Amino acid sequence: MAGGGDEASASAALCAPMKATSEGLWQGDNPLHFSLPLIILQVCLVLVLTRGLALALRPLRQPRVIAEIIGGILLGPSALGRNKAFLNHVFPTESLTVLDTLANIGLLLFLFLVGLELDPASLRRTGSRALAIAVAGISLPFALGVGSSLVLRAAITPNAPRGPLIVFMGVALSITAFPVLARILAELKLLTTDLGRMAMSAAAVNDVTAWILLALAIALSGSGSPFVSVYVLLCGVGFVAAATFLVRPVLVYMARLSPAGEPVKESFVCATLGIVLAAGFVTDAIGIHALFGAFVIGVLIPKEGAYAGALTEKMEDLVSSLFLPLYFVSSGLKTNVATISGAKSWGFLVLVITTACAGKIGGTVLASLLMRVPPREALALGLLMNTKGLVELIVLNIGRDRKVLNDEAFAILVLMALTTTFMTTPAVTAVYKPARRGASSYKHRTVERGGGGGEADSELRVLACFHASRGIPTLINLVEASRGTRRSKLTMYAMHLVELSERSSAISMVQRARRNGLPFSGRRRRDGGGEVVVAFEAFRRLSTVAVKPMTAISDLSTIHEDIVASAVNKRAALVVLPFHKMLCHDGTMEPVDRAYHHANVRVLQSAPCSVAILVDRVLGGAAQVSAPDVSYAVLVLFFGGPDDREALAYAARMGEHPGIELTVARFITAAAAKPNADGGDLELELAKDEEALQRYGTRALKSGDGSVRYEEVTAAAEREELTPAIKTLGRGKNLVVAGRSAPAPTLVEKSDCPELGPVGSYLATPEFSTTASVLVVQRYNPRSDPTRERPAVEGDVEEAVVPFPSSSRSAESESESRHST
């Protein structure tokens, strides 16, 4: 009896639930034996591993879901979980209930966010092409999934119920992950092209159909009589009807009382979350999983106005970053790749991957060709529609929980989802290279313009980029100073450079900020950049300068493509790039993000027009200066060569402003007698320099223009003599303009910004000044312009996909290969 009692006590202790909190190590408690500290450790481990994998996979341009799936598998019995000590201490069996509960709460809220992104009105507007592609992309893989399920049941899961297995396999092979597809399209800058819009429309139809089929599969997988499945389906239809006619009016009321520009009431947010959780409870009680309720409520919330966007903004970071990765770990703990053993299992894995790809890609390509989509676009569309992801894992986990899939079949299908999603980005990049927008009418690519007639007074177009709102006043002050007084018109395209984040709201931002794959400008845009639009609109109303705000939302590793493509599209003569460092209170410059540094280098190497890098030391102060109050002292450092001539031409335009005093300092050194040109005629270069100085400098002096001063500085071509002379000239100046490849010695022993050239690198240091802004100008070089490499192709296309030179090459070595134009 005693032995039996001890045994019962031990069993009860093993089955007892874990307490929430411990009393601490000093009290003899092991934190890993209590649910709260254990779940904190699990969450931290998951975040570190998944974010590390995402960082490692970023060069391959893989969506974060790939890293999260791999991270979950690595933590499970396939890798780290093979160590029983690790598995029993970090993921003990008694802790999995808490982990699964948190994971499913995060999944429920994420599916609500997915529903928020899905607009039923857009489904009704789906064209015949997208509808036909969606139907074919579901039908053929579903049919092949039925055949695969029969092979699977005979070879691996003989005890699985036939009907539910057929539906689960059909859904698993025919599904397209709508959120993952949107992310891949945004990464590839295809989201707002014809191809991207068609893929998104077809994926939305596919997504809704997949949820309906999944509800059918869940209803059929019940262990009761067939009538129970009918009752479940009828109750599911009743829930959707009740939510549409009873709950939606409440959601519409809250959305109507949440105007744009005003914060959404906390009570509305609380009420919405309560409705989401209640809907999840109802659908779970019906028997079709709590996720369906949350998804339906998300779909029913009105997409017009600020209400849906505000809900997304408040929830997405917490849900996507903290809770959702737990679901991938929960799934990974159930995935044991070791169960795939032997030729039969590996052969079936190959069969499933081949069937999934053949069905999805083949069906989509066939329907696309019948709809007269070009073959290359049809193949790219098929590869995009083959994207799996989170929804696939949801289907597989439900199938495993319902005993429709065993461990081996589950592992096979998880690897299939991982493989098909991983191959999407590289495959699409390989087969689909969008044509370049034509630039045949792109004539004026420099500020300096010769020729007779109206060439010199023709319109000047400037594409000015900035990182954040703090750079807006300096940009506006620079443009105000550049407008001149001639009859020529100045048009500025102000491009806000924004990094494409992992947030789901970033997709809607891209859709609002891009058109036909390119950033676009227009007064009717509502891209969420309120203060940016208001600032430039106010300046436009008070000035003669036409200002058109734009937003480039892209991964920082490819954002230079947006800048180059927009310069071509807008036919800009000058691109103004922000320096990758910002001014601190002590006068030093601190990097904003090294990725912006690489973007600047790539634009310099492949620019379709002249480029200027603006080192911002708050030109004109921290606020916009009105036109009558403009009073700047501008200095031009002229050593000679094409870049210096372009810098002089731009500064001369500033000198026309009545509030600007321009000083042209010509340096006569030994190095200046050797202009930077590839075998160019030395005398011709010197003649061009003299002609530029005559046109922009000495002519103004002879005309009696007191706002322009001309100085000649004779110095040895040595750093020790040049730096004091430049520093003396720069005292009291608000802006210093210099050429990037000036024929001068290196003025800084060691520089982390060689792209500014020998003079610009020194001007960017605190040793020169802590108050004077700097503009380093590079003249357009046709040899480095990839947009002139082949004939233009017309059409509604994305920006050029062109090879960009490595950013590791120094500016000095590049300047040796530049030529005079």
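The values are calculated or read from the model by the stated rules, or taken from the named source; none is laboratory data. Note that the structure is a prediction, hence the values are computed from the model and not measured. Note that each Cβ is placed from the backbone with ideal geometry, even for glycine, and that neighbours are counted across all protein chains shown.
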Worksheet entry | Subset of segment 358-381 (residues that are touching a helix residue (DSSP H, G or I) at 6+ places or on another chain (Cβ under 6 Å), under 21 Å from VAL414 (Cα atoms) and touching a residue at least 60 places away in the same chain (Cβ under 8 Å)) | GLY359, LYS360
Discussion item. Can you find, within segment 549-566, the residue that is farthest from THR474 (Cα to Cα) among those that are in a strand (DSSP E or B) and among the small types (Gly, Ala, Ser)?
Written reply: SER554
Worksheet item: Quick check: anything in segment 270-287 modelled with pLDDT under 95, hydrophobic (A, V, I, L, M, F, W, C) and farther than 21 Å from THR312 by Cα?
Response: yes
Worksheet item: Among the helices (runs of 4 or more DSSP H) confined wholly to segment 138-224, which include 2 or more residues that are closer than 21 Å to ALA506 by Cα and assigned by TED's automatic domain parsing to the domain that holds GLY298?
Response: 178-187, 194-220
Worksheet item: If you scan segment 255-276, which residues turn out to be within 31 Å of the chain's Cα centre (by Cα) and hydrophobic (A, V, I, L, M, F, W, C)?
Response: ALA255, ALA260, VAL264, PHE268, VAL269, CYS270, LEU273, VAL276
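Results for (1) in contact with a Gly (Cβ under 7 Å, 6 or more places away or on another chain); (2) outside the structural domain of VAL264 (by TED's automatic domain parsing); (3) surrounded by fewer than 24 Cβ atoms within 10 Å (Cβ to Cβ); (4) in a helix (DSSP H, G or I), shown as yes or no for each residue.
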residue	(1), (2), (3), (4)
GLY298	yes, no, no, yes
GLU313	no, no, yes, yes
VAL319	yes, no, yes, yes
LEU324	yes, no, yes, yes
THR335	yes, no, no, no
Discussion item. Only one of PRO434, PRO473 is modelled with pLDDT under 75 and surrounded by 17 or more Cβ atoms within 10 Å (Cβ to Cβ). Can you tell me which?
Written reply: PRO434
Discussion item. Pull out all pairs, ordered by first then second residue, where Cβ-Cβ is under 7 Å, the residues are six or more apart or on different chains, the first lies in segment 226-253 and is assigned by TED's automatic domain parsing to the domain that holds TYR307, and the second is of a type outside the set (Lys, Arg) and surrounded by fewer than 13 Cβ atoms within 10 Å (Cβ to Cβ).
Written reply: none
Discussion item. When the residues of segment 200-222 are narrowed to those that are over 16 Å from PRO120 (Cα atoms) and small (Gly, Ala, Ser), which ends up surrounded by the most Cβ atoms within 10 Å (Cβ to Cβ)?
Written reply: ALA217
Worksheet item: Which residue pairs have Cβ atoms under 9 Å apart, sit 6 or more places apart or on different chains, and have a first residue in segment 300-321 that is at positive phi and a second that is surrounded by fewer than 16 Cβ atoms within 10 Å (Cβ to Cβ) and assigned to a helix (DSSP H, G or I)?
Response: GLY305/ARG256
Worksheet item: Can we say SER95 is assigned to a loop (DSSP other than H, G, I, E, B) and buried (at least 16 other Cβ atoms within 10 Å of the Cβ)?
Response: no
Item to complete: Confirm whether LYS388 is buried (at least 24 other Cβ atoms within 10 Å of the Cβ) and either among the basic types (Lys, Arg) or over 20 Å from ALA358 (Cα atoms) (or both).
Response: yes
Worksheet item: For segment 249-268, what are the residues that are buried (at least 18 other Cβ atoms within 10 Å of the Cβ) and not hydroxyl-bearing (Ser, Thr, Tyr)?
Response: LEU251, MET254, ALA255, VAL264, PHE268
Worksheet, complete the sentence: Given (1) at pLDDT below 85; (2) crowded, with 24+ Cβ neighbours inside 10 Å, LEU181 misses just (1)
Worksheet item: If you take the residues of segment 555-589 that are within 24 Å of the chain's Cα centre (by Cα) and among the acidic types (Asp, Glu), which of them is farthest from MET509 (Cα to Cα)?
Response: GLU561
Discussion item. Only one of ALA279, ALA308 is crowded, with 22+ Cβ neighbours inside 10 Å, under 31 Å from the mean Cα position of the chain (by Cα) and hydrophobic (A, V, I, L, M, F, W, C). Can you tell me which?
Written reply: ALA308
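A quick yes/no check of all residues on (1) touching a helix residue (DSSP H, G or I) at 6+ places or on another chain (Cβ under 6 Å); (2) outside any loop (DSSP other than H, G, I, E, B); (3) modelled with pLDDT under 70; (4) farther than 30 Å from LEU74 by Cα:
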position: ALA430; (1), (2), (3), (4): no, yes, no, no
position: ALA439; (1), (2), (3), (4): yes, no, yes, yes
position: ARG449; (1), (2), (3), (4): no, no, no, yes
position: VAL462; (1), (2), (3), (4): no, yes, no, yes
Fill in: Condition broken by ARG51, with the remaining ones in (1) modelled with pLDDT of 90 or more; (2) exposed (fewer than 14 other Cβ atoms within 10 Å of the Cβ); (3) of a type in the set (Lys, Arg) satisfied
(2)
Worksheet item: Does at least one position in segment 68-83 carry a residue that is more than 29 Å from PHE34 (Cβ to Cβ) and assigned by TED's automatic domain parsing to the domain that holds VAL391?
Response: yes
Discussion item. If the requirement is being more than 28 Å from the chain's Cα centre (by Cα) and surrounded by 19 or more Cβ atoms within 10 Å (Cβ to Cβ), which of these qualifies: ILE138, ILE133, ILE175?
Written reply: ILE138
Practice prompt. Identify all residues within segment 116-130 that are surrounded by 16 or more Cβ atoms within 10 Å (Cβ to Cβ) and part of a helix (DSSP H, G or I); write none if there are none.
Written response: LEU116, GLU117, LEU123, ARG129, ALA130
Practice prompt. Taking ALA649 as the residue in question, decide whether it is at pLDDT 80 or above, over 34 Å from the mean Cα position of the chain (by Cα) and of a type in the set (A, V, I, L, M, F, W, C).
Written response: yes
Discussion item. Residue under question is ILE613, and the condition is that it be part of a helix (DSSP H, G or I) and either of a type outside the set (A, V, I, L, M) or modelled with pLDDT of 85 or more (or both); does it hold?
Written reply: no
Worksheet item: in contact with a strand residue (DSSP E or B) (Cβ under 9 Å, 6 or more places away or on another chain) and within 19 Å of LEU384 (Cα to Cα) - does that describe any residue in segment 180-187?
Response: yes
Worksheet entry | Condition met for LEU108 (in a helix (DSSP H, G or I), farther than 18 Å from HIS33 by Cβ, touching a residue at least 24 places away in the same chain (Cβ under 8 Å) and touching a helix residue (DSSP H, G or I) at 6+ places or on another chain (Cβ under 6 Å)) | yes
Worksheet item: Counting only residues that are at pLDDT below 85 and not in a loop (DSSP other than H, G, I, E, B), how many does segment 567-589 have?
Response: 2
Worksheet item: How many residues, within segment 746-764, are β-branched (Val, Ile, Thr) and either surrounded by fewer than 20 Cβ atoms within 10 Å (Cβ to Cβ) or under 31 Å from the mean Cα position of the chain (by Cα) (or both)?
Response: 1
Worksheet item: Is at least one residue of segment 728-735 modelled with pLDDT of 85 or more, under 30 Å from ILE563 (Cβ atoms), assigned to a loop (DSSP other than H, G, I, E, B) and in contact with a Gly (Cβ under 8 Å, 6 or more places away or on another chain)?
Response: yes
